Amino acid sequence: MAMNLENIVNQATAQYVKIKEHREPYTAHYNALKDKVYSEWKSSAVLGKLLKGSTLCGGYGDKLKVSIPDEFDLLIHLVFPENDKIIVKADASKPGNVILDMTKVMEIIGSQEHNKPVFDRLQKIVNNKKQLLEDKLNSFLESIMTQTLNKMGNQIEVAGRISHLQYKKCGPAHTIFVKGSCKYSVDFVPAIRLSAAQVVLAPEQRIHFGETLYWDAIPKPMKPAKTDNTSFTSSFYEAERRLLYGKQFLKPAIRLMKQNRNVKNKANLKSYHIKTLFLWQVIQQDPSYWSNSPKDIFIEMLGKLADSLALTPKKGKLPFFWDPKLDMFAQLTDSQRTDLYNHFRKCEYTFRKDNGNVNDCTENNVHSSFSKNTTYKL
């Protein structure tokens with residue numbers, strides 16, 4: 001078979017990106033841990049009443065994970081009694097965030113004996129306006145997680161083998177680090193599940209939400225941390241999954257970009273940045289666009305990513321898909337942006353050059369873009 005850039009990229013994908021041999025033991029171990037933790041949480045007098053299932057999200061849930069599945073992201077859905085009575089308001093001071101007014105919820109459940117534990121807890125985690133407080137909710141959940149791991153002896157036995165567990169609060173996630181036959185982490189991310197009727201999106205974004213039934217408000221701490229914080233991050237994972245579904249080579253192209261980011265240690269580019277870049281393209285491109293090869297989509301997206309990172313002649317930006325007033329690159333410093341821009345622009349140039357003229361260096365160029373185990377430096 002004559003070698004061309006597409007063949008070489010496909011070869012690199014099979015070798016570095018699609019690694020399946022480790023997935024079964026990792027997922028089996030993860031499922032055992034998830035079920036044990038969830039079972040302990042269900043026994044809590046308050047949290048047990050709020051838990052309404054979970055959703056595997058992130059790279060693994062989106063089927064975008066590259067290499068070994070050593071990170072799992074799990075949305076833990078919390079639903080309060082009379083949840084539909086939560087009054088949701090957009091946070092005018094922080095685009096993409098919402099404020100949750102629990103007034104009507106508390107008025108109703110305050111006289112219900114069976115909901116007394118929840119009502120008593122709510123009184124401790126709202127302010128005088130009955131707005132839910134992110135930091136107080138997270139402190140409560142942190143105490144539950146600490147108790148859970150203490151009950152488990154900070155370890156779990158799976159298939160006759162003991163693994164040690166360490167808990168750490170990481171942003172909105174309550175993270176368990178597992179050390180044993182499988183080494184991985186699980187982000188348990190609390191998510192207050194809200195209905196479509198409670199959406200506060202602008203009309204254009206509401207169209208893209210479509211017929212999705214639910215969305216979530218995530219208690220994500222502010223940076224720097226803020227006491228009595230009423231602002232929750234909006235999350236539209238189900239709607240995003242629907243938007244990305246059925247786009248033939250979209251996900252393979254995302255995997256290529258994530259793998260390149262990983263091996264080149266460009267950690268300032270988050271997975272959600274990449275996902276957002278592609279979400280915008282989903283609504284801008286004709287559906288047939290995604291039948292192009294992963295290689296062609298990848299090259300074009302490298303260019304669009306570099307454009308959004310540029311500082312000159314016009315500063316680029318990456319608007320949050322659900323509230324474009326929020327620039328997702330705004331928190332990056334100029335030096336961080338420049339570093340990312342230079343890398344992805346150079347990567348785009350290299351792939352475009354090799355796409356038109358495969359030569360003796362092409363194979364090394366491609367493999368070094370997706371693996372650390374090659375000598376060629378992009």
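The values are calculated or read from the model by the stated rules, or taken from the named source; none is laboratory data. Values in this document were obtained by computation on a predicted structure and should not be read as measured data. Positions of Cβ are generated from backbone atoms using ideal geometry, with glycine treated the same way; all protein chains shown enter the neighbour counts.
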Those residues of region 33-88 which are among the basic types (Lys, Arg), touching a strand residue (DSSP E or B) at 6+ places or on another chain (Cβ under 7 Å) and touching a residue at least 40 places away in the same chain (Cβ under 8 Å), in sequence order: LYS34, LYS36, LYS52
Looking for something of a type in the set (Asp, Glu), assigned by TED's automatic domain parsing to the domain that holds ILE254, farther than 30 Å from PHE209 by Cα and at pLDDT 95 or above - is there at least one such residue anywhere in region 318-336? yes
Of these, ASP354, ASP339, which one is closer than 14 Å to ARG261 by Cα and part of a helix (DSSP H, G or I)? ASP339
Which strands (runs of 3 or more DSSP E) sit wholly inside region 20-98 and have at least 2 residues that are under 20 Å from the mean Cα position of the chain (by Cα) and not aromatic (Phe, Trp, Tyr)? 51-57, 71-78
Within region 123-138, count every residue that is exposed (fewer than 14 other Cβ atoms within 10 Å of the Cβ) and free of Cβ contacts under 8 Å to residues at least 24 places away in the same chain. 3
When every residue in region 169-212 that is of a type in the set (Val, Ile, Thr) and touching a strand residue (DSSP E or B) at 6+ places or on another chain (Cβ under 9 Å) is compared, the one surrounded by the fewest Cβ atoms within 10 Å (Cβ to Cβ) is VAL200
What are the pairs with Cβ atoms under 9 angstrom where one residue, in region 314-338, is more than 14 Å from GLY96 (Cα to Cα) and the other, located anywhere, is loosely packed, with under 13 Cβ neighbours inside 10 Å and not hydroxyl-bearing (Ser, Thr, Tyr)? Sequence gap at least six, or different chains. LYS317/ALA330; GLN331/LYS223; ASP334/LEU311; ARG337/LEU311; THR338/LEU311
Close pairs from region 97-115: first of a type outside the set (Gly, Ala, Ser), partner surrounded by fewer than 14 Cβ atoms within 10 Å (Cβ to Cβ), Cβ under 8 Å, at least 6 apart: VAL98/LYS89; ILE99/LYS89; ASP101/LYS89; ASP101/LYS129; THR103/LYS129; MET106/GLN123
Would you check if there is a residue in region 67-74 being among the small types (Gly, Ala, Ser) and modelled with pLDDT of 95 or more? no
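Given the criterion charged (D, E, K, R) and farther than 30 Å from PHE278 by Cβ, identify the matching residue among LYS130, LYS63.
Numbers: LYS63 fails: farther than 30 Å from PHE278 by Cβ.
The unique qualifying residue is LYS130.
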Condition broken by ASP360, with the remaining ones in (1) without any contact (Cβ under 8 Å) to a residue 24 or more places away in the chain; (2) over 29 Å from GLN248 (Cα atoms); (3) surrounded by 15 or more Cβ atoms within 10 Å (Cβ to Cβ) satisfied: (3)
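Every residue, every condition in (1) of a type in the set (D, E, K, R); (2) closer than 21 Å to LYS251 by Cβ; (3) under 28 Å from the mean Cα position of the chain (by Cα); (4) surrounded by 16 or more Cβ atoms within 10 Å (Cβ to Cβ), yes or no:
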site	(1), (2), (3), (4)
LEU305	no, yes, yes, yes
PHE321	no, yes, yes, yes
ASP327	yes, no, yes, yes
LEU332	no, no, yes, yes
THR338	no, no, yes, no
ASN365	no, no, no, yes
LYS372	yes, no, yes, no
The condition from (1) outside the structural domain of THR103 (by TED's automatic domain parsing); (2) buried (at least 17 other Cβ atoms within 10 Å of the Cβ); (3) without any contact (Cβ under 8 Å) to a residue 60 or more places away in the chain; (4) assigned to a loop (DSSP other than H, G, I, E, B) that ALA267 misses is numbered (2)
